[in-house]
Amino acid sequence: MQHLCRLSASAWLAACLILAGLLQPEPVLAQTAAPKVQSEYEAGWVNDALGMRHFSGLSCPNRLGDLTRTKVLAAARTRLAGCIYTSERGMQLVIRQHAPDTGRDEAKRFADAYQKAGYALLRLSGVAEQGITFRTGGTDERALLESFWHLKGRSSDYSLWISYNLPDHETVLEPAFQEITEQLARLR
């Protein structure tokens, strides 16, 4: 009680209001605020008739075959824009646009990171043979694989990453890959 007598009238009133729960103390540090996350529109994306389009030229339709676009990605360093797609059967796919002549470095970075994590590089047939593929989990009957392809465009490089299960996605992997490469071929 003696300490309250030494407070100024305004400090005493603030202390009483805080104790009564009517006034919240101000946060001590500003670092408690969450970082601002850009919305799709702040990150350069606009709606078009069939999906989203980035100012860099990448177009991400709402649907690609049996895949549904779930998110668009902002630019970061040599990665200009990207889209995430999923299928009802659990396949996930990421398309990324890169600065010209940087796609090979992205592919190397992907391979190095997976090998450092202890995953073995696989040699498969079909479209997976054209990319870099690692087994990242699963069982003897059902393998979880991740494949990465570097694709060269007219004015940009592109990458395609697909997470899929074999044998579950064996018949849908190639059509998904073809759909994406046809979509990218239409870009200027």
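The values are calculated or read from the model by the stated rules, or taken from the named source; none is laboratory data. Just so you know, these numbers come straight off a predicted model, no measurement behind them. Cβ coordinates were reconstructed from backbone atoms using ideal geometry, including for glycine residues, and neighbour counts include every protein chain displayed. Side chains included, ligands, DNA and RNA excluded: accessible areas come from the protein's heavy atoms. Shrake-Rupley method; radii C 1.70, N 1.55, O 1.52, S 1.80 Å.
Some points to look at:
- Cα-based shape type of the stretch 60-149, given that a ≥ b ≥ c are square roots of the gyration tensor eigenvalues and the cut on a/c is 1.5: oblate
- Modelled spin-label separation between L122 and A143, with each label point placed 7 Å from Cα along the Cα-to-Cβ direction: 0.4 nm.
- Cut-off under 5 Å, modelled amide H: who pairs with A81 long-range: Q97
- Partners for K116 among aspartates and glutamates (Cα-Cα distance below 17 Å; same-chain residues under 8 apart left out): D105, E106, E146
- J(HN,Hα) series, the stretch 90-100, from Karplus relation 6.51 cos²θ - 1.76 cosθ + 1.60, nearest Hz, glycine and proline x: x, 6, 10, 8, 10, 9, 10, 9, 10, 4, x
- Per-residue ³J(HN,Hα) for the stretch 107-121, Karplus 6.51 cos²θ - 1.76 cosθ + 1.60, θ = phi - 60°, Hz, x for Gly and Pro: 5, 5, 4, 4, 4, 4, 5, 6, 5, 5, 7, x, 8, 8, 5
- Solvent-accessible area of the stretch 45-188 (1.4 angstrom probe, protein heavy atoms only): carbon and sulfur portion equals 49 percent.
- Inter-probe distance in nm under a simple model that places probes 7 Å from Cα toward Cβ, at F55 and T171: 4.5
- Per residue, the accessible area of the stretch 35-188 comes to 57 Å² when a 1.4 Å probe rolls over the protein heavy atoms.
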